[in-house]
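All of the numbers you see were taken from the coordinates with simple rules; none came from a lab. Being a predicted model, the structure only gives us computed values, none of them experimental. Glycine gets a Cβ as well: all are built from the backbone with ideal geometry, and neighbour counts include every protein chain shown.
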Amino acid sequence: MPTKKIVIIGGGYAGCKLAKALDAVASVTLIDGKDCFVHAPAAIRAVADNTLLDQLIIPYSNFLQQGQFVEGWVEQINSDGVILSDGRELKSDITVVATGSSYAAPFKHTRDGLDAFRKNSEQAASKVRQAKVIAIVGAGPVGTELAGEIACAYPDKEIHLITDEQSLYPMYNPSLAKKLQADFTALGVHLHTGKRVENLASLTEPYKGDITFAGGKTISADLVFPVIGSRPQTQLLAALTDVKFASDGRAEQDGWMRPSKSNPNLFVIGDALCAGDAMTIVAISRQVPWLVKTLKAVFNGKTVDSQKPYKPWVVAPILIPMGPKMGASVLPFGKKEMTVGHFMTSRLKGKDLFLSTYRKFFGSNE
Ligand SMILES: Cc1cc2nc3c(=O)[nH]c(=O)nc-3n(C[C@H](O)[C@H](O)[C@H](O)COP(=O)(O)OP(=O)(O)OC[C@H]3O[C@@H](n4cnc5c(N)ncnc54)[C@H](O)[C@@H]3O)c2cc1C
């Protein structure tokens, strides 16, 4: 029987993958405030095809063989475990904070629960159906995919995608932006680069209103989606006196994903962690194997510091579908990167959005 107790706070990508990978070698407790996993990449297409909601919300009940899932909100971390908002205390040898990030509605659940998440998604889908002019503010992956998904599902809508950056994805080879721009042209999406929106009325939910650029141009939109990035959820760590935060709100760490000198058995992973990665599942796919290896060494009596520190992606892969058949991606090969178009993007992500992979992971194959 595994003896080391590990408590993981947060059943998102990082927490769930870590819990499953350590299930056989430690006594794992995974805690989340809701009883189902939410697969965010499919929440974008759900705005154009709301039938996806039933597939992207997946119960946690079937995926741990030995470990336990506990439904509840963690209120406090201390040196020997955590305390939940209902007063329950759970002891641990190792605690991992995987509390992730929040995002503007309707793309991620909140503490209001899964019914509220469903309702937000259904309302957004209904507003998209009725809208003639849609403005999407923010052209990161969520904004780009959203514009593509709506344009593929509703070719007659007037869609504006707006970014204050001078080009799409300036951190990648320009061939990515070129391929995406060609898709936008084919789909009739109006791409506005280098345009700062002066009057965003909400950062947290879609609304009807005018969009005004610096310089005066106005778009009257039936629906405006603010999609300007993830906000790390690090309140639990902020309550610990010696944890520092980067300017984007993520927790700083010592090279081994530990945010607190006074609590060396506390780790942080995923969107809440500042380790040089973007806030993506792709980053988590690199972070989890590192933490699993490090913790297994610790369970075998080694010290954390004797293990190699974590190194982030140099060039992270990025997959940007636009509907099931279009879009573009960058795939790293060693230190080089290769930009690929429709065929690979559709095969790797666009067709299924990893829904079958995650449903299988959680033992939900129906
Ligand atoms: C619409 C959308 C699409 C995306 N698509 C992609 C994509 O295609 N590819 C990609 O690489 N990245 C994508 N991302 C980014 C990706 O979703 C995040 O990087 C990822 O969700 C982060 O995982 P995480 O485990 O760190 O945290 P999260 O997924 O945010 O999960 C954190 C969990 O912690 C729980 N929690 C928080 N606080 C507490 C508490 N106090 N007590 C108990 N539980 C708590 C929350 O309920 C939540 O379930 C997308 C993001 C969005 C918004």
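Quick rundown of the values:
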| read-out | value |
| --- | --- |
| Order of R118, R45, R347 under a 10 Å beta carbon neighbour criterion, fewest first | R347, R118, R45 |
| Extreme residue, positive dipole direction of the stretch 26-110, given options A46, S101, Q65 (C-beta unit charges) | A46 |
| Which of L180, L200 has the fewest Cβ neighbours within 10 Å, and the rest in rising order | L200, L180 |
| Estimated 222 nm signal from helices in the chain, with DSSP H stretches of n ≥ 4 weighted -39500 (n - 2.57), rounded to 500 | -8000 deg cm²/dmol |
| Above-threshold pairs, the threshold being 29 Å between Cα atoms, out of K308/K351; K20/K127; K293/K335; K178/K325 | K308/K351; K20/K127 |
| Mean Cα-pair separation over length for the chain, i.e. relative contact order, pairs under 8 Å, 6 or more apart, % | 17 percent |
| Contact order relative to length of the stretch 15-162, as percent, for alpha carbon pairs under 8 angstrom and 6 or more apart | 22 percent |
| Most fluctuating residue given options G209, G148, G100, as computed from a GNM of the chain linking Cα atoms under 10 Å | G209 |
| Ranked Y310, Y13, criterion: other C-beta atoms within 10 Å, fewest first | Y310, Y13 |
| Gaussian network model of the chain, springs between alpha carbon atoms under 10 Å - residue of L176, L191, L348 with greatest fluctuation | L348 |
| Placed amide H near N78: partners under 5 Å, 5+ positions off or other chain | I83 |
| Cα centroid separation, the stretch 25-51 to the stretch 224-278 (Å) | 21 Å |
| Separation of alpha-carbon centers, the stretch 298-355 and the stretch 202-223, rounded to whole Å | 33 Å |
